[in-house]
């Protein structure tokens, strides 16, 4: 991850996704982690690439400032 102060926009950018507010909302709407279907951790979702999954997993494992943003993204997707 970059050394910049973390934000949801920067997290989305680090994932290689379009990071405009509209694009973030569209991504969240298109990739719901419905609790009746998905019971895993955010990085285990099938829509991530291997590198995106690794980035999310590492952010959570490091328990860095980024982990809170990954948690927020997880909540938004659910």
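Rule-based calculations on the coordinates, nothing more; no lab input. These figures come from a predicted structure and were not determined experimentally.
Residues considered: 42, 28, 12. Largest GNM mean-square fluctuation over the chain, using C-alpha springs under 10 Å, is found at 28. With all pairs of separate Cα atoms included, the stretch 8-47 yields a Kirkwood hydrodynamic radius of 11.1 Å. The overall shape of the stretch 37-78 is oblate: from the C-alpha gyration tensor, with semi-axes ordered a ≥ b ≥ c, the ratio a/c is 1.5 or greater and a/b is no larger than b/c.
Mean separation of Cα pairs under 8 Å and 6 or more residues apart, divided by the residue count, gives the chain a relative contact order of 37 percent.
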